[in-house]
Amino acid sequence: MGKESGQCGTSCCGSGELLSTGPAGTRTRQGDTVPVVQAGLTFSDRLGGWKVRLGIGRGRYRIDPGLYAIGAPDRGSPVLVTANYKLSFDSLRKELSDIDAWILVLDTRGINVWCAAGKGTFGTAELVSSIESSGLRDRVTHRTLILPQLGAPGVAGYEVKRLTGFQTVYGPVRASDIKRFLAAGMKATPEMRLVQFRLKDRLAVVPTDMAEAAKYILPYLILAAAWHLVRGGSWLQVLSPTSVMLIGAVLTGTLFAAALLPWIPFRSFALKGWTLGLIWALSAGALYRLELSAFAGALLLFPAVSAFLALNLTGSSTFTSQTGVNKEIRWFARPIAASAILGILFLVF
């Protein structure tokens, strides 16, 4: 449930009054309008999700905070809390077919639950504020909120209880378990509590990292191709050993580092990426039979590129903590930069 979505629909909302269908996408009760969302994802939703994974419009992929409805919630229906990052919202929403519930969306500035909890935007103050501004206490008779487990670091449940009267219950890690969690009376099994970083989870972050790296690699390749054309050569000359090794270093630091993460030696992400990058540089350098200076440059530059890119995995992995991330950056940022600069000098001169 680290990524969630919302839902609501027509239903009894107390005092025997039914929610009536208002304008498209809303339900109205005594002039009070609640946005309604569907459980299924549309083509537009899926397309938006893929664009975000490629780094397109990522900072703007959000929904308005507030209360949403799915199905036909009444005053006894569960209240699920999530972030206003649309990918998180959609991940929860698609798991809520045939469920009647209220979804309280916090203003996390378009950041997912896990990261927002660390930054403080998915936190106690925002939750308390959202409860009050949404009028939630007038829509439900119970006083229980279901929060995503990955949001726990940002929320002090006792403070929420003291300030609002609502108690917090933590749902499962994965949104796919939310139906079983609700059916079991809001009881989570040990498996539901286990945070995993399986192969498919690791590969899910690869497109974003590759798209980010492409912002720097593609201009280089385009300029290199133009340079060869101006000099009367073929644009295919851009596929020089240096260019091929650079592309390989990017793939090594993104795709292969993510796929092989549990099996690469060292706990440090930078060292994991550097190890794979060194293997790639040694293999490709030997294959191309580089001269000594170029070989030295390759061994300095390309493992540094892979190490830098592998550091991106710290933001999505369960293998480390914020303290560990800060320590890695403090220890390895300067050595990586120095190695890369020296490598470039060896390759150029």
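May I ask you to verify whether PRO190 is farther than 14 Å from ALA83 by Cα, crowded, with 22+ Cβ neighbours inside 10 Å and out of contact with any strand residue (DSSP E or B) (no Cβ under 9 Å at 6 or more places or on another chain)?
Details: farther than 14 Å from ALA83 by Cα: yes; crowded, with 22+ Cβ neighbours inside 10 Å: no; out of contact with any strand residue (DSSP E or B) (no Cβ under 9 Å at 6 or more places or on another chain): yes.
It is false that PRO190 is farther than 14 Å from ALA83 by Cα, crowded, with 22+ Cβ neighbours inside 10 Å and out of contact with any strand residue (DSSP E or B) (no Cβ under 9 Å at 6 or more places or on another chain).
Among the helices (runs of 4 or more DSSP H) lying completely within the stretch 83-181, list those that include at least 2 residues that are polar (S, T, N, Q). Steps first, answer last, please.
Numbers: elements: 86-93, 113-119, 124-134, 157-164.
By residue number, 86-93, 124-134.
Select from the stretch 50-82 the residues that are part of a strand (DSSP E or B) and under 17 Å from LEU127 (Cβ atoms) and list them in ascending order. Reasoning before the result, please.
Kept after step one, since they are part of a strand (DSSP E or B), are these residues of the stretch 50-82: 62, 66-70, 79-82.
Those that are part of a strand (DSSP E or B) and under 17 Å from LEU127 (Cβ atoms): GLY66, LEU67, TYR68, VAL79, LEU80, VAL81, THR82.
Within the stretch 248-285, which residues are among the β-branched types (Val, Ile, Thr) and touching a helix residue (DSSP H, G or I) at 6+ places or on another chain (Cβ under 7 Å)? Spell out the reasoning first.
Initially, the stretch 248-285 is screened for residues among the β-branched types (Val, Ile, Thr), giving 250, 252, 254, 264, 275, 279.
Answer for the stretch 248-285, where residues must be among the β-branched types (Val, Ile, Thr) and touching a helix residue (DSSP H, G or I) at 6+ places or on another chain (Cβ under 7 Å): VAL250, THR252, THR254, ILE264.
Out of contact with any Cys (no Cβ under 6 Å at 6 or more places or on another chain), among the acidic types (Asp, Glu), under 25 Å from GLN196 (Cα atoms) and surrounded by fewer than 21 Cβ atoms within 10 Å (Cβ to Cβ): is that true of GLU95 in this structure? It would help to see each step written out before you state the result.
Values: out of contact with any Cys (no Cβ under 6 Å at 6 or more places or on another chain): yes; among the acidic types (Asp, Glu): yes; under 25 Å from GLN196 (Cα atoms): yes; surrounded by fewer than 21 Cβ atoms within 10 Å (Cβ to Cβ): yes.
Against the criterion (out of contact with any Cys (no Cβ under 6 Å at 6 or more places or on another chain), among the acidic types (Asp, Glu), under 25 Å from GLN196 (Cα atoms) and surrounded by fewer than 21 Cβ atoms within 10 Å (Cβ to Cβ)), GLU95 qualifies.
Collect the residues in the stretch 224-234 that are surrounded by 11 or more Cβ atoms within 10 Å (Cβ to Cβ) and either hydroxyl-bearing (Ser, Thr, Tyr) or within 37 Å of the chain's Cα centre (by Cα) (or both), keeping them in residue-number order. So that I can check it myself, show each step before the final result.
So the first thing to find is which residues in the stretch 224-234 are surrounded by 11 or more Cβ atoms within 10 Å (Cβ to Cβ), and the list is 224-229, 233.
Across the stretch 224-234, the qualifying residues are ALA224, ALA225, ALA226.
So the check is Cβ under 8 Å with 6+ separation or different chains; which pairs have a first residue in the stretch 324-349 that's more than 25 Å from SER293 (Cβ to Cβ) and a second one that's of a type in the set (Val, Ile, Thr)?
Taking only residues 6 or more apart or on different chains, the pairs are GLY324/THR314; VAL325/THR314; GLU328/THR314; GLU328/THR320.
When the stretch 272-301 is examined, which residues are found to be more than 18 Å from ILE344 (Cβ to Cβ), surrounded by fewer than 19 Cβ atoms within 10 Å (Cβ to Cβ) and of a type outside the set (Val, Ile, Thr)?
If the condition is that a residue be more than 18 Å from ILE344 (Cβ to Cβ), surrounded by fewer than 19 Cβ atoms within 10 Å (Cβ to Cβ) and of a type outside the set (Val, Ile, Thr), then LEU282, SER283, ALA286, LEU287, ARG289 are the ones that fit.
For the stretch 76-93, state whether one or more residues are among the polar types (S, T, N, Q), in the same structural domain as THR168 (by TED's automatic domain parsing), over 30 Å from VAL325 (Cα atoms) and at pLDDT below 85. So that I can check it myself, show each step before the final result.
Taking the stretch 76-93 first, the residues among the polar types (S, T, N, Q) are 77, 82, 84, 88, 91.
With the extra rule that they be in the same structural domain as THR168 (by TED's automatic domain parsing), the set shrinks to 77, 82, 84, 88, 91.
Filter once more, keeping what is over 30 Å from VAL325 (Cα atoms): 77.
Keeping just the survivors that are at pLDDT below 85 gives none.
No, the stretch 76-93 contains no residue that is among the polar types (S, T, N, Q), in the same structural domain as THR168 (by TED's automatic domain parsing), over 30 Å from VAL325 (Cα atoms) and at pLDDT below 85.
If a residue counts only when it is over 16 Å from VAL305 (Cβ atoms) and in contact with a Lys or Arg (Cβ under 7 Å, 6 or more places away or on another chain), which helices (runs of 4 or more DSSP H) contained entirely in the stretch 194-291 have at least 1 such residues?
Result: 206-230.
The values are calculated or read from the model by the stated rules, or taken from the named source; none is laboratory data. Not measured: the values here are computed from a predicted model. Don't worry about glycine lacking a Cβ; one is built from the backbone with ideal geometry, like all the others, and counts go over all protein chains shown.
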